Structure formats: C-alpha cells, structure tokens
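One structure coming up, written as structure tokens, with questions to follow.
The values are calculated or read from the model by the stated rules, or taken from the named source; none is laboratory data. Keep in mind it's a predicted model, so treat the numbers as computed, not measured. Don't worry about glycine lacking a Cβ; one is built from the backbone with ideal geometry, like all the others, and counts go over all protein chains shown.
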Amino acid sequence: MPIPVTRLDQADPILLEQLLEVVGEVARKGAFTMGAELDAFEREFADYCGTAFSVGVSSGTEALSLALRALEIGPGDEVIVPSNSFIATAEAVSWVGATAKLVDVDPDTHLITAEHIAAAIGPKTKAVIPVHLMGSTVDMDPILTLAEEAGIRVIEDTAQAHGAYYKGRRAGSMGDIGCFSFYPTKNLGGWGDGGAIATNDEALAKQIVLLRSHGESPRYHHKIVGTTARLDALQAAILRVKLRHLDARNDDRRRLGAALRAGLEGTSVELPSPAHEDGDHVYHLFIVRTKQRDALRAHLEQHGVSTAVHYPFPIHRAEAYGPELEGSLPVSERLAEEICTLPLFPTMSDEDVARVIAAVASFESEE
Ligand SMILES: *Cc1c(COP(=O)(O)O)cnc(C)c1O
C-alpha cells in the first residue's frame with residue numbers, strides 16, 4: 001500500500017465511533033440547521049481561538065466573502081492577497097466585486113511579508129489577507145502595525161493553520177477577523193464543507209450572523225440582503241468532538257513534521273523556513289522544494305510514497321486571473337514549479353516517516 005498524502009477520520013476507529021454517535025443524535029432530533037449544536041460549537045471555537053466571537057458558516061470561501069462584505073469592501077476597493085495560496089483567497093475578493101491585488105511571497109518562508117504589502121498599498125487598498133499557508137504562521141506584528149498606520153483592515157486566512165500560535169496568540173485571532181475552513185482534509189475538518197470566522201469585534205460578528213442567513217432577525221424579518229451560508233448542525237456536532245482533539249492532533253503533526261525535517265537534512269530537497277522564531281507550524285502540508293520536482297514525484301511514486309502539489313499554479317497564473325501578471329511575481333512562479341507535498345497526517349507511523357525519508361534520500365543516490 002502506498003503511503004497517502006493525507007488520511008481522513010476512517011483511519012481512526014475510536015474517533016469514527018464517537019463521530020457516528022453524535023451524527024445519530026442530531027439525526028434523531030431532526031435539528032439540522034442552527035440550534036444548540038451550532039451555538040455550542042461557536043462558543044467553544046471562540047474560546048479555543050481566544051476571541052470573543054465565532055460564527056459558523058458554510059465554507060472557508062464563504063467565511064472570507066462574508067468577512068469582506070461585513071467590512072463593507074466591494075466594487076472599487078482593492079484587497080492585497082499573496083499569489084502563493086489556494087485560489088479561494090483571491091476568489092472571495094473578486095466575488096464581492098473588489099479587486100484582488102496579487103503580490104509575491106518570501107522565497108525562504110513561502111509567505112507574505114509586511115514589505116510585500118507596503119509596496120502594494122495604494123489609495124484604493126482597503127484590506128490585506130495574510131495566509132498562514134501550510135500551517136506556518138505569517139510574521140503578523142509588522143503587518144498589524146503597517147495596517148494600522150495605513151488605515152487598512154487585516155483578514156487572516158487561517159484555513160490551513162487552526163490552532164497554530166504566533167507569540168502566544170492563536171492564528172486567526174490577531175487581525176480584524178480570522179477565516180477558517182473545515183473542509184475534510186484541514187487540520188480541523190468536518191464531513192463535508194464548513195467554515196467559521198473568529199473576531200473580537202461584536203458588530204462584525206453580528207453582521208456576519210445576519211449575512212449568513214438571509215439578513216434575518218427575528219424569523220421572516222429580513223433586515224439586510226444576505227444569503228444561505230450557515231454551518232450545518234451535523235457539521236457543528238462533528239467539529240465539537242474533533243475540536244477537543246485538535247491540540248493533540250496538531251502536536252502529532254508538529255512531531256511528525258520535525259522528524260521529517262530532521263531526516264531530510266543533508267538531502268537535496270530544500271525546506272521552507274519559519275517566518276518568526278516565536279511563530280508555529282502545524283503542518284497542514286509538508287512541502288519540500290527541488291528543481292527536479294517532477295522526477296522526484298515519479299521516483300517517490302515508484303517507492304510507494306504518494307505526493308501532491310499545493311499548488312501547481314500561483315493564483316495570478318490561473319485562467320480566471322491571468323495572464324497580465326505573468327512574469328511579475330517570480331518567487332510564486334518558481335515555487336509553483338519546484339514545490340512538492342509529501343505525506344503528513346496525524347495517524348502516520350514512525351515507519352511511514354522512515355519510508356518517506358529513505359525514498360527521498362534514494363532519489364539523490366540514483367541521480
Ligand atoms: C481550503 C482553503 C480555503 C477555502 O476553504 P473552503 O472551505 O474549501 O471554501 C481558503 N484558503 C486557503 C488557504 C485554503 O487552504
């Protein structure tokens with residue numbers, strides 16, 4: 001059996017039983033939208049993030065879109081977004097009618113920095129979306145200072161970094177608003193699509209509560225134009241169970257990430273470095289870099305190690321966005337050609353880790 005890039009809940013039979021039980025409870029009550037499970041999850045997730053409020057929504061992309069709408073960002077406005085991210089970060093900006101101003105990332109950390117943002121701020125800039133990509137925390141303090149000076153808002157894309165710390169604060173709790181995805185593969189994943197926002201701003205939280213459900217409060221009183229973007233009660237019930245395990249699972253990821261890192265030292269693959277010594281890495285993705293990426297992938301495949309590429313195109317090279325920026329964000333473009341995602345998931349065994357390391361090492365000796 002090849003080692004997969006990631007594994008979902010069925011790989012953990014005890015957890016699976018716990019989850020099936022809460023699914024049964026929700027089904028027997030027939031309480032599928034809003035209600036007690038969602039309220040409880042929102043309280044528990046806000047506590048976990050260290051924010052005053054959390055609001056469950058239907059996906060990470062909706063979390064970003066609704067955050068932008070709650071901040072009254074729309075047509076004529078610009079939002080700064082790193083090109084080395086999943087497309088959703090830019091898509092949400094475009095979806096609300098604003099312009100995604102795509103910028104490059106640091107070649108060592110693969111992440112956006114305050115310098116990239118400072119160079120991109122213009123008269124129309126309303127916000128920036130730093131992305132804690134791979135689970136590696138962005139150096140936030142210089143960005144928060146810059147944003148305050150420039151009078152722009154900070155929306156953290158925390159879809160890959162639930163539970164990561166930066167200087168003692170949780171990712172997603174530092175900007176005006178943090179946006180999370182609970183897509184099944186994420187560090188906190190449901191059984192389908194889901195997302196949430198976290199914030200200390202009560203007005204923003206209230207606005208997102210209105211927006212996610214037809215601007216309705218109370219029933220059939222539609223105060224503003226909203227949409228259907230709620231987090232289902234089934235997902236909330238599942239996420240409540242998994243939230244209790246998140247710190248332990250992130251510790252597993254940190255331990256496995258450190259073991260892979262140590263084992264790959266001295267091989268030809270390069271590893272991204274941390275953005276700040278008081279930052280964190282919760283290894284949503286374990287990414288290495290090599291000029292012979294495609295050859296490495298073929299070699300690993302032959303040795304029973306699955307791989308992936310997150311992502312094969314930087315956002316500005318996507319058909320939806322290109323091609324005006326082609327060549328202008330060289331770091332993101334080179335990364336897209338050289339990065340390779342290796343297996344890492346909490347139930348990965350020490351033997352799996354050793355096999356991955358040996359497979360990468362044997363690539364070199366065969367060259
Ligand atoms: C997964 C992801 C999203 C989008 O989340 P969905 O729940 O799939 O809509 C946004 N940004 C990043 C960086 C992601 O990895």
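Report yes if residue 197 is at pLDDT 95 or above, surrounded by 21 or more Cβ atoms within 10 Å (Cβ to Cβ) and within 18 Å of residue 95 (Cα to Cα), otherwise no.
yes
When you check residue 118 against the structure, is it in the same structural domain as residue 152 (by TED's automatic domain parsing) and away from the ligand (no atom under 13 Å from the Cβ), yes or no?
Numbers: in the same structural domain as residue 152 (by TED's automatic domain parsing): yes; away from the ligand (no atom under 13 Å from the Cβ): yes.
Here the answer is yes, as residue 118 does meet what is asked.
For every residue, the table says whether it meets (1) assigned to a loop (DSSP other than H, G, I, E, B); (2) in contact with a Cys (Cβ under 7 Å, 6 or more places away or on another chain); (3) assigned by TED's automatic domain parsing to the domain that holds residue 236; (4) over 25 Å from residue 151 (Cβ atoms).
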{"site": "27", "(1), (2), (3), (4)": "no, no, yes, yes"}
{"site": "31", "(1), (2), (3), (4)": "yes, no, yes, yes"}
{"site": "38", "(1), (2), (3), (4)": "no, no, yes, yes"}
{"site": "45", "(1), (2), (3), (4)": "no, no, yes, yes"}
{"site": "64", "(1), (2), (3), (4)": "no, yes, yes, no"}
{"site": "76", "(1), (2), (3), (4)": "yes, no, yes, no"}
{"site": "85", "(1), (2), (3), (4)": "yes, no, yes, no"}
{"site": "89", "(1), (2), (3), (4)": "no, no, yes, no"}
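Follow-up. Hey, any hits in segment 78-86 for a residue that's surrounded by 19 or more Cβ atoms within 10 Å (Cβ to Cβ), over 30 Å from residue 270 (Cα atoms) and within 16 Å of the ligand (Cβ to nearest atom)?
Looking for residues that are surrounded by 19 or more Cβ atoms within 10 Å (Cβ to Cβ), over 30 Å from residue 270 (Cα atoms) and within 16 Å of the ligand (Cβ to nearest atom), one finds at least one in segment 78-86, hence yes.
Quick one: in segment 47-62, which of the residues that are more than 16 Å from the chain's Cα centre (by Cα) and in a loop (DSSP other than H, G, I, E, B) is farthest from residue 133 (Cα to Cα)?
52
Follow-up question, since we're still on this one. One residue is enough: does segment 183-200 have a residue meeting the conditions in a loop (DSSP other than H, G, I, E, B), among the aliphatic types (A, V, I, L, M) and within 13 Å of the ligand (Cβ to nearest atom)? Quick ask: steps written out before the conclusion?
Of segment 183-200, the ones in a loop (DSSP other than H, G, I, E, B) are 183-194, 200.
Narrowing further to those that are among the aliphatic types (A, V, I, L, M): 188.
Checking which are within 13 Å of the ligand (Cβ to nearest atom) leaves us with 188.
Yes, that holds for at least one residue.
Ok, one more. Looking at 145, 99, 125, 137 in this structure, which one is of a type in the set (Ser, Thr, Tyr) and under 18 Å from the mean Cα position of the chain (by Cα)?
Selected residue: 137, the only one of 145, 99, 125, 137 that is of a type in the set (Ser, Thr, Tyr) and under 18 Å from the mean Cα position of the chain (by Cα).
Now for a different question. Among the residues of segment 219-272, what is the count of those that are among the small types (Gly, Ala, Ser) and loosely packed, with under 13 Cβ neighbours inside 10 Å?
Selection size over segment 219-272: 4.
Moving to a separate point now. Please indicate, with yes or no, whether at least one residue in segment 95-102 is within 16 Å of the ligand (Cβ to nearest atom), on the phi > 0 side of the Ramachandran plot and in a helix (DSSP H, G or I).
no
Could you please give the count of residues in segment 310-357 that are surrounded by 14 or more Cβ atoms within 10 Å (Cβ to Cβ), aliphatic (A, V, I, L, M) and either assigned by TED's automatic domain parsing to the domain that holds residue 83 or not in a loop (DSSP other than H, G, I, E, B) (or both)?
Within segment 310-357, the subset surrounded by 14 or more Cβ atoms within 10 Å (Cβ to Cβ) is 310-311, 313-318, 321, 325, 329, 331-348, 352-353, 355-357.
Among the residues that remain, those that are also aliphatic (A, V, I, L, M) are: 315, 318, 325, 329, 331, 335-336, 339, 342, 344, 348, 353, 356-357.
Narrowing the set further to residues that are either assigned by TED's automatic domain parsing to the domain that holds residue 83 or not in a loop (DSSP other than H, G, I, E, B) (or both) leaves 315, 331, 335-336, 339, 342, 353, 356-357.
Residues meeting the conditions: 9.
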